1. I'm told B:Lys94 meets every condition in (1) under 23 Å from A:Ile15 (Cα atoms); (2) at pLDDT below 95 except one. Can you identify the failing condition by its number?
2. Any residue that is within 12 Å of chain B (Cβ to nearest Cβ), in contact with a Gly (Cβ under 7 Å, 6 or more places away or on another chain) and of a type in the set (S, T, N, Q) - is there at least one of those in region A:26-41?
3. For region A:8-24, what are the residues that are within 11 Å of DNA strand C (Cβ to nearest atom), part of a loop (DSSP other than H, G, I, E, B) and more than 13 Å from the chain's Cα centre (by Cα)?
4. For the condition farther than 26 Å from A:Leu52 by Cα, exposed (fewer than 14 other Cβ atoms within 10 Å of the Cβ), more than 7 Å from chain A (Cβ to nearest Cβ) and within 11 Å of DNA strand C (Cβ to nearest atom), what is the one hit in B:Gly45, B:Gly68?
5. Kindly list the number of the only condition in (1) more than 10 Å from DNA strand C (Cβ to nearest atom); (2) closer than 25 Å to A:Pro14 by Cβ; (3) of a type in the set (A, V, I, L, M, F, W, C); (4) within 8 Å of chain A (Cβ to nearest Cβ) that fails for B:Leu78.
6. Tell me, which residue of region A:25-42 that is within 23 Å of B:Gly45 (Cβ to Cβ) and assigned to a helix (DSSP H, G or I) is farthest from DNA strand C (Cβ to nearest atom)?
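The values are calculated or read from the model by the stated rules, or taken from the named source; none is laboratory data. The shown structure was predicted, so the numbers you read here are calculated from the model rather than taken from an experiment. We place every Cβ from the backbone using ideal geometry, glycine too, and count neighbours over all the protein chains shown.
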There are 2 protein chains.
Amino acid sequence: MTGSNIRRSMPLFPIGPVMQLTDLTARQIRYYEEHQLISPARSEGNRRLFSLNDIDKLLEIKDLIDQGINMAGIKQLLFVQNQEVIASDVKPLKSERELSNDEIRRHLRKEIVQAGRFNQHLSSQGNITRLFH
Amino acid sequence: MTGSNIRRSMPLFPIGPVMQLTDLTARQIRYYEEHQLISPARSEGNRRLFSLNDIDKLLEIKDLIDQGINMAGIKQLLFVQNQEVIASDVKPLKSERELSNDEIRRHLRKEIVQAGRFNQHLSSQGNITRLFH
DNA sequence: AATGTCATGTCAGAAAATCTAACATATGTT
DNA sequence: AACATATGTTAGATTTTCTGACATGACATT
């Protein structure tokens, strides 16, 4: 499991930003969950929390829907993909133990800090369009 | 402006996930905004939306606070950093025009899709600890 | 010792975002 | 025509976030 994979599997986004990023309605996203195409994590208060991987999947689902494939078909396709990945993942595990969510968060924080060190800190004023002139 | 910079400046995260990622309280984050150390965007309904850059900044602020520096000092330090970045940014701009938030979102979506194409789609069951055994 | 400032905690009330469950509907299928 | 599928819509409840006010502990200044 690489750092990037940990990062991509962190449950961070509530449904609002995900709707915007995917152009899917809340209804659609919940329906896909109901049919087990995705399984976003939940907050303490039962709100859905999506990872970048979840968002990837939703975008794929969208593609497949556009191709006329139904829930069952999409479920199978996603499952096959998943199997391929697992099959190709032959790296020996350094550590067998599970990471707690807290540990994952610490890890991500470290990564964000590191990335930041070699990155810009633009935008002192929140209007992101300012970043482009 | 690189794709990565666009990605890092997208206002996506509500305050809850940011609290978890930074180990800051909402009170602290709002206080830093009040003192103009950060300026997160706002949703239509006035909720704060943070970008990865904002999160970087918050982590830096945390460091500086730990070093005993006060708001005014931190503000100056962040400003200086910002200036350095601007000074070093000598690339000729391909396009002068501003990008709308919608365009940025489309761009990010494209990036996520592309990244996803060459990436794993693990986690069919939402419990992220499953990714580690 | 009293006062002030700074960074943060805490609380209350309001508003926004999200939840589930139910019913509605358009389109395609048997 | 009846049915199934994917999505829309609505209602009522719950969670999350908002602002503003007041409280507090640590320090500095008087």
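1. Only one criterion in (1) under 23 Å from A:Ile15 (Cα atoms); (2) at pLDDT below 95 is unmet by B:Lys94, namely (1).
2. Among the residues of region A:26-41, at least one is within 12 Å of chain B (Cβ to nearest Cβ), in contact with a Gly (Cβ under 7 Å, 6 or more places away or on another chain) and of a type in the set (S, T, N, Q), which makes the answer yes.
3. Scanning region A:8-24 gives no hits.
4. The conditions single out B:Gly68.
5. (2)
6. Applying the first criterion (within 23 Å of B:Gly45 (Cβ to Cβ)) to region A:25-42 yields A:25-30, A:40, A:42.
Still in the list and also assigned to a helix (DSSP H, G or I): A:26-30.
On the way: A:Ala26: 5, A:Arg27: 7, A:Gln28: 11, A:Ile29: 7, A:Arg30: 6 Å.
So, considering only residues that are within 23 Å of B:Gly45 (Cβ to Cβ) and assigned to a helix (DSSP H, G or I), the one farthest from DNA strand C (Cβ to nearest atom) is A:Gln28.
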